[in-house]
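Trainee: The structure's right below; bear with me while I get my questions together.
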Amino acid sequence: MLPALAADAVRADITLVTVHPDDVPHRAVYAATPRGLPPSPATAAFLAQLRETTRELMTPRLRR
């Protein structure tokens, strides 16, 4: 088993096969920010990228 984050680093001679969607383990990722303070531009950009990456990783992939 290989986390999706590492899938792009797999050698070309290795085939990745996704498991059945009901068998995919779920992982929670959290970002903690100070309450009552607006995020800095860097923090806002990081959180936006984190959300986008999460959406991309939630899309099932099958490499052949």
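Trainee: Tell me the per residue accessible area of the chain using a 1.4 Å probe; a whole number in Å² is fine. Don't jump to the answer; show the numbers that get you there.
Mentor: Details: 6100 Å² over 64 residues.
Accessible area per residue: 95 Å².
Trainee: Let me ask something else. Name the residue farthest towards the positive end of the dipole of the chain from the options ALA31, THR18, PRO41, assuming +1 on Cβ of Lys and Arg, -1 on Cβ of Asp and Glu, about the Cα centre.
Mentor: It is PRO41.
Trainee: Grab the DSSP H runs of the chain that are 4 residues or longer, score each as -39,500 (n - 2.57), total them, divide by all residues and round the 222 nm result to the nearest 500 deg cm²/dmol. Don't skip to the end; give the middle numbers.
Mentor: On the way: 1 runs with 18 residues, N = 64.
Calculated from helices alone, the mean residue ellipticity at 222 nm is -9500 deg cm²/dmol.
Trainee: For the Cα atoms of the chain, what angle does the longest principal axis make with the long axis of helix 41-58, in degrees from 0 to 90, nearest 10?
Mentor: It works out to around 30 degrees.
Trainee: Alpha carbons only, please: Rg and Dmax for the chain, in angstrom.
Mentor: 15.7, 50
Trainee: Taking 0.36 nm per residue of separation and subtracting the Cα-Cα distance, what length does fully extending LEU57 through ARG27 add?
Mentor: Working: separation 30, 0.36 × 30 = 10.80 nm, distance 1.11 nm.
Taking LEU57 through ARG27 to full extension adds about 9.7 nm, to one decimal.
Trainee: Same structure, new question: About its Cα centre, how strong a charge dipole does the chain have in debye, to the nearest 20, once Lys and Arg get +1 and Asp and Glu get -1 at the Cβ? Spell out each step's value before the answer.
Mentor: Numbers: 8 positive and 6 negative charges, 24 e Å.
That gives the chain a dipole magnitude of about 120 debye.
The values are calculated or read from the model by the stated rules, or taken from the named source; none is laboratory data. Remember, it's a predicted structure, so these values are computed and weren't measured experimentally. Here the Cβ is made from the backbone with ideal geometry for all residues, glycine too, and neighbour counts use every protein chain on show. Side chains included, ligands, DNA and RNA excluded: accessible areas come from the protein's heavy atoms. Shrake-Rupley method; radii C 1.70, N 1.55, O 1.52, S 1.80 Å.
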